[in-house]
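The values are calculated or read from the model by the stated rules, or taken from the named source; none is laboratory data. Predicted, not measured: the structure shown is a model, and the values here were computed from it. A quick note on method: Cβ atoms are made from the backbone with ideal geometry, for glycine too, and the neighbour counts reach across all protein chains shown. Each accessible area value is taken on the protein alone, full model and side chains, heavy atoms only, with ligands, DNA and RNA left out. Shrake-Rupley method; radii C 1.70, N 1.55, O 1.52, S 1.80 Å.
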Amino acid sequence: MKAMLSHEPGGPETLKLTEMETPEPSKKQVRIRVRSAGLNFPDTLIIKDMYQMKPPRPFAPGGEVSGEIEAVGEGVKGLAVGDRVLAMTGFGGFATHLCIEAERVMKIPDEMPFDEASCLMLTYGTSHHALKNRAELKPGESLLILGAAGGVGAAAIELGKAAGARVIAAVSSEEKAQFCRDLGADETIIYTRDMDDRDAQKAFSAKIKELAGGDGVDVVYDAVGGAYAEPAVRALAWKGRFLVVGFPAGIPKIPLNLTLLKGCQIVGVFWGAHTLREPDMHAENMADLFRMYASGEIKPRISARFPLEKAADALNLMMDRKVQGKVVLDVE
């Protein structure tokens, strides 16, 4: 087998294509022949030792894969050699083969191609859990998505529309704004990269309120963080919900008096922990996603694909915030 391994902390350029022995599955594990690996922002952090999970080295990044089951360990039920599956790996996905606990593997519909399957679980799972379980988004409510052209943001647009919300997509360029409109966003905002400027923050809040109507926006989905968070909180309506999803622009500092003045909630979204602590809810959410995929309400948008050996280029594209939708590795 081959894998792109991290031998030391560093950027994507530190990954090395390595040949190694193909592993055999242990008890209650299966071996997957990986066909596609979906990239996610945590992949850029885990190789720098900046993520909450720190695997022992050497390891391959890659938390989301699809492929075929090639071997089955003792005690595995419900899965067999030849099954088409997706899996949440945490790490290890940038490889031609991997062994993983069977409970972290899920069969995929025959009509779902491998590349789309490798992009479904983390982004749509995160956004569905955020909007359905954490925000309890209702039909007719307004939803602001920060970083709306990225993987989780694009998923949130589709899921917000499926939930009957009025979706406002906030992005950094007109090209990304058009991408979001094509996904179904009702309104778009192009924000400045220099959001540390107080006047820029005030203008951003004012624009959000203008597009949301009423006294502000009902739900904010923040996958950006940094200086973009506070003006979005200031634009919340009474009893609004601010979803904390990610921090590529840095961890924000929010004046808590705003929560009092607006009667609003700041709600954490930790999808990985949710899948472990609330497995029944997670299973229900995944059933929702497969149903919505089959009906055409959601469809992963793949903007770029790379071979396994070009994983560093794929990660750099993500770090440069040039991604619209998802990036995948085609694993031959």
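Rounded to the nearest percent, how much of the accessible area of segment 1-135 (1.4 Å probe, protein heavy atoms only) is carbon and sulfur?
Carbon with sulfur: 51 percent of the solvent-accessible area.
Roughly what % of DSSP beta bridges within the chain run antiparallel, to the nearest 5?
Working: 30 of 57 bridges.
Once the DSSP bridges in the chain are tallied, antiparallel ones form about 55 percent.
Quick check: pseudo-label points 7 Å beyond the Cα along Cα→Cβ at Lys27 and Ala203, how many nm apart are they?
Simple spin-label model gives 6.4 nm for this pair.
May I ask you to give the solvent-accessible area per residue for segment 68-167, in square angstrom, as obtained with a 1.4 angstrom probe?
Ligands and nucleic acids excluded, the figure is 34 Å² per residue.
Sorted from largest to smallest, which semi-axis lengths in Å does the alpha carbon gyration tensor of segment 54-201 give for its equivalent ellipsoid, taking the root of 5 times each eigenvalue?
They are 36, 19, 13 Å, listed largest first.
Helix-derived [θ] at 222 nm for the chain: sum -39500 (n - 2.57) over DSSP H runs of at least 4, divide by residue count, nearest 500?
Taking each H run of at least 4 residues, the total per residue is -8500 deg cm²/dmol.
How high is the relative contact order of segment 157-228, given as a whole-number percent (alpha carbon pairs under 8 Å, six or more residues apart)?
24
Over 27 Å between C-alpha atoms is what I'm after, so list which of Lys54/Lys132; Lys207/Lys239; Lys48/Lys322; Lys16/Lys176 land there.
Beyond 27 Å between Cα atoms: Lys54/Lys132; Lys16/Lys176.
Take the Cα of Asp110, step 7 Å along the line toward its Cβ, and report every residue of segment 282-301 whose backbone nitrogen sits under 19 Å from that point.
Taking a point 7 Å out along Cα→Cβ of Asp110, the residues of segment 282-301 whose backbone N falls under 19 Å are 290-291, 293-296.
By how many nm would the segment from Asn257 to Met20 lengthen if fully extended, with 0.36 nm per residue of separation less the alpha-carbon distance?
Details: separation 237, 0.36 × 237 = 85.32 nm, distance 5.53 nm.
Stretched fully, the Asn257-Met20 segment lengthens by 79.8 nm.
Can you give the translational diffusion coefficient of the chain in µm²/s, computed by Stokes-Einstein from the Kirkwood radius over Cα pairs at 37 °C and 0.692 mPa s? Numbers along the way, then the final one.
Numbers: Rh = 20.3 Å.
D = 162 µm²/s.
Local charge sum around Asn40 (other residues, Cβ-Cβ under 13 Å, Lys/Arg +1, Asp/Glu -1)? Intermediate results must be reported in sequence, preceding the final value.
Values: positive: Lys326; negative: Asp43, Glu64.
The answer is -1.
Given Cα pairs under 8 Å that are at least 6 residues apart, what percent is the relative contact order of segment 23-126?
36
If Lys and Arg each add +1 and Asp and Glu each add -1, what is the summed charge of the other residues whose beta carbon sits under 12 Å from the beta carbon of Asp115?
After counting each charged neighbour, the total is +2.
Per residue, how much accessible area does segment 1-65 have with a 1.4 Å probe, in Å²?
Numbers: 3100 Å² over 65 residues.
The answer is 48 Å² per residue.
Which trypsin sites (Lys or Arg not before Pro) from segment 241-332 combine a DSSP loop assignment with at most 10 other Cβ atoms within 10 Å?
Hits after loop and neighbour filter: Lys253.
With a cut-off of at most 11 other beta carbons within 10 Å, and DSSP calling the residue loop, which trypsin sites (Lys or Arg not before Pro) in segment 142-197 qualify? Please list them.
In loop regions of segment 142-197 (DSSP not H, G, I, E or B), the sparsely surrounded trypsin sites (Lys or Arg not before Pro) are Arg193.
Accessible area per residue, 1.4 Å probe, Å², for segment 251-332: what's the number?
Value returned for segment 251-332: 56 Å² of accessible area per residue.
Ignoring ligands, DNA and RNA, please state the percent of accessible area on segment 282-332 from carbon and sulfur, probe 1.4 Å.
Working: 1170 of 2410 Å².
Carbon plus sulfur share of accessible area: 49 percent.
I'd like the carbon and sulfur percentage of the solvent accessible area for segment 169-280, probe radius 1.4 Å, heavy atoms only, ligands and nucleic acids excluded.
On segment 169-280, the fraction of accessible area on carbon and sulfur atoms equals 52 percent.
Provide the net charge surrounding Lys132, with neighbours chosen by a C-beta distance below 11 Å and charges set as Lys +1, Arg +1, Asp -1, Glu -1.
Local net charge: -1.
For the chain, what relative contact order do you get, as a whole percent, if you take Cα pairs closer than 8 Å and at least 6 residues apart? All intermediate terms of the calculation are to be shown ahead of the outcome.
On the way: 767 pairs, mean separation 56.4, N = 332.
This gives 17 percent for the chain.
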